Structures are given as structure tokens and as C-alpha cells.
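Here is the structure we will look at.
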Protein chains: 2
Amino acid sequence: MSGTASPALRTALAYYEAWTSHDLDKAMSYIADDIVLDSPAGRLEGAEAYRGFMGPFVQILTGSKMIAAFGDDETALVMYDTETVPVKSAPGAECVTVKDGKITYSRTVFDSAPLVAALQASS
Amino acid sequence: MSGTASPALRTALAYYEAWTSHDLDKAMSYIADDIVLDSPAGRLEGAEAYRGFMGPFVQILTGSKMIAAFGDDETALVMYDTETVPVKSAPGAECVTVKDGKITYSRTVFDSAPLVAALQASS
């Protein structure tokens, strides 16, 4: 893991630390009001929509492990594994753009198939 | 994008350049014989299994764009978007371990749901 002095990575890691600690309010303090998120759920715009996306996920989160994290002045790229109530290993990757200590854009990649399957099985 | 001088990133980018150019033989020249791949398809071990995983994907690949790429001596982390025949945007992320110019381990994350849906629709 390199580039821990990178401004963008510092923000991305602080954000990761917050949401993996189930501190959604603190996590949202690193999210810009006009954030744009592209993920398997499609495009979401604005902090309120972003919170609506992250909130349910944080609620089912039981563990996490950072796999790799890099960054430069404006961009950070992280990959982590998560453990959730329905899915034992649900890794994800985020490429974020950071401006003035806030994440303004996030491209998030994860496999939605096991999560959807688990939700369908439980409904 | 930073760290282009990183040994691991050089290998990861050469590998990416090869498979996105549909040159599967060249791509495999960067893959260690005993590679281990963890992906939404589960764990695959060995270059032959890896080729069996990548081959069909390369065949449906119509475009690609690197989103971000970082690395250090032994690890590289990349995120890219791909366009395939069935799915217009199929982004992926790979965290690879590189030893002596070959990828020995890859953790690959992508959303399998749209690919599976497209395959089911076409069958």
C-alpha cells in the first residue's frame, strides 16, 4: 500500500474508516453535497440519495478488510472486502474524486448478484 | 494516475493493453502458471483455468477505458470500464500481485448480474 500521504487517499481512508465503523454521520461528512455516484444500482446524485444507498448496506455490514488503497492529489482507488449478514464475502472497489476534503464523484464496483439473490431468498 | 514507474503497475498495464487488444496469447504471457484468481465466478487456479475465464470475455469485448491505475513494487490496483456485446458498460477492478513480471494473484471485482441477465435473455 503506497501513497498514504496523498490528500485524496487520506479522505478516502477516513471515509472508509467511518462507514466500516457504522458511523454513517461521520462517513457523510466526507461526502460532497453534490456527489455523483455510479454503481451497479445506476447513477445517484446528491448526498441525500447517497446516504439512502449507503445506509441499508452499513446496517447489514458485519466486517471489512482493506485489500489495497492508492491515491494522488485528486483521485483515490481502493479495494476492500466486506462481510454482510446475507453474503460472507462481498468485495468492492471505489474510485473517488476528492476536492477540498470531500468526495465529489465515486465510481463503485461490486457484484450485485449475491446480494440480490440473498434479498430474494429472504423475501 | 500515478506510479507509472511501479514494476507491478507496468505489468498490470501491459496485461490490460494485451487483453483489451484481443491479444489473449500476449495477455497470458503476463500470467503466472500458478496464478490464483478470486472473482465473482469463485476461485480459479492455474493459467489454463484463467485462460478459460478470460477467453469468452475477450470475445465479447468491444471497447475499454482505463479509469484509474496505481501500483507499487508488488501490487497494482486498476479500475476500468468495458463495453461488451451484451452489456454497454461493464466496469471492473483488479488488484494483482506481481512477481518477476508475472501476475501470481488477482482479485477481480465486477458486477456479474447484467452479464448473467444478458446471457439468460439470449439463451
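The values are calculated or read from the model by the stated rules, or taken from the named source; none is laboratory data. Since we're looking at a predicted model, the values are computed, not measured. Note: ideal-geometry Cβ built from the backbone for every residue, glycine included; neighbour counts use all protein chains shown. What goes into the accessible areas is simple: the full protein's heavy atoms, side chains included, and nothing from ligands, DNA or RNA. Shrake-Rupley method; radii C 1.70, N 1.55, O 1.52, S 1.80 Å.
Examine region B:58-68 for a residue that is in contact with an Asp or Glu (Cβ under 6 Å, 6 or more places away or on another chain), closer than 22 Å to B:Ser89 by Cβ and more than 14 Å from every other protein chain (Cβ to nearest Cβ), and state whether such a residue exists.
yes
Could you tell me how many of the residues in region B:96-123 are in a strand (DSSP E or B), away from chain A (no Cβ under 12 Å) and among the aliphatic types (A, V, I, L, M)? Before the answer, list the steps.
Step one: list which residues in region B:96-123 are in a strand (DSSP E or B), which gives B:96-99, B:102-110.
Of the ones still in play, those that are also away from chain A (no Cβ under 12 Å) are B:98-99, B:102-104.
Subset that is among the aliphatic types (A, V, I, L, M): B:98, B:103.
Selection size over region B:96-123: 2.
Here are the criteria: (1) out of contact with any strand residue (DSSP E or B) (no Cβ under 8 Å at 6 or more places or on another chain); (2) more than 14 Å from every other protein chain (Cβ to nearest Cβ). Tell me which single one A:Thr20 does not satisfy.
All conditions are met except number (1).
Condition check ((1) acidic (Asp, Glu); (2) surrounded by 14 or more Cβ atoms within 10 Å (Cβ to Cβ); (3) in contact (Cβ under 8 Å) with a residue 40 or more places away in the chain) across all residues:
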position	(1), (2), (3)
B:Gly55	no, no, no
B:Lys65	no, no, no
B:Ala69	no, yes, yes
B:Met79	no, yes, no
B:Thr97	no, yes, yes
B:Asp100	yes, no, no
B:Ser106	no, yes, yes
B:Ser123	no, no, no
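Looking at (1) within 25 Å of A:Thr108 (Cβ to Cβ); (2) more than 11 Å from the chain's Cα centre (by Cα); (3) modelled with pLDDT of 95 or more, which is the only condition B:Met1 fails?
Going through (1) within 25 Å of A:Thr108 (Cβ to Cβ); (2) more than 11 Å from the chain's Cα centre (by Cα); (3) modelled with pLDDT of 95 or more one by one, B:Met1 breaks only (3).
Do you know which of the residues in region B:32-87 that are among the β-branched types (Val, Ile, Thr) and part of a strand (DSSP E or B) is farthest from B:Ala117 (Cα to Cα)?
Taking the candidates together, the pick is B:Thr75.
Out of the residues in region B:81-95 meeting the condition of being over 15 Å from B:Pro40 (Cβ atoms) and within 9 Å of chain A (Cβ to nearest Cβ), tell me which one is most open to solvent (accessible area, probe 1.4 Å).
B:Ser89
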